[in-house]
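Single-structure report; data block below.
Computed from the coordinates by the stated procedures, all read-outs in this text should not be read as laboratory data. Keep in mind the model is a prediction, meaning the values are calculated, not measured. Here the Cβ positions follow ideal geometry from the backbone for every residue, glycine too, while neighbour counts run over all protein chains shown.
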Amino acid sequence: MTNPYVPLLVMMGVAAVLAVGGLAASAVIGPKRYNRAKLEAYECGIQPTPHAMGGGRFPVKYYLVAMTFIVFDIEVVFLYPWAVDFTELALFGLVAMVGFLALITVPFLYEWRRGGLEWDED
């Protein structure tokens with residue numbers, strides 16, 4: 001009888017070979033035309049400016065957008081199982097989801113009040 005972990009180890013080995021092989025192939029085959037624009041850090045299309053001592057302030061809107069994605073990702077992660085087992089969970093599931101959605105509404109309203117959902121330039 002063979003070890004049950006052999007297929008897993010083989011799959012991990014194949015994945016490692018493909019990953020390293022892809023990186024090596026792109027380093028060997030890929031074009032090497034560097035210019036000033038390619039070597040600069042990408043800053044969302046905004047020209048980078050020097051920061052004040054101590055790093056300066058970072059705009060809050062970046063954090064609010066990240067919080068939006070996190071809030072909605074967590075919401076989807078919890079709503080899918082509830083939707084799948086809706087009949088099994090019955091009243092307990094309904095009460096839990098209403099409580100969860102009420103709790104999720106708090107950061108959403110906070111972000112809305114802070115202007116995180118307004119996409120026009122300042």
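Numbers for the structure displayed
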{"quantity": "Whole-Å semi-axes of segment 54-114's equivalent ellipsoid (Cα gyration tensor)", "calculated": "32, 12, 7"}
{"quantity": "Ordering of 106-114, 28-36, 69-77 by packing [mean C-beta count within 10 Å, highest first]", "calculated": "106-114, 69-77, 28-36"}
{"quantity": "Most to least packed among 91-103, 4-16 [average Cβ atoms within 10 Å]", "calculated": "91-103, 4-16"}
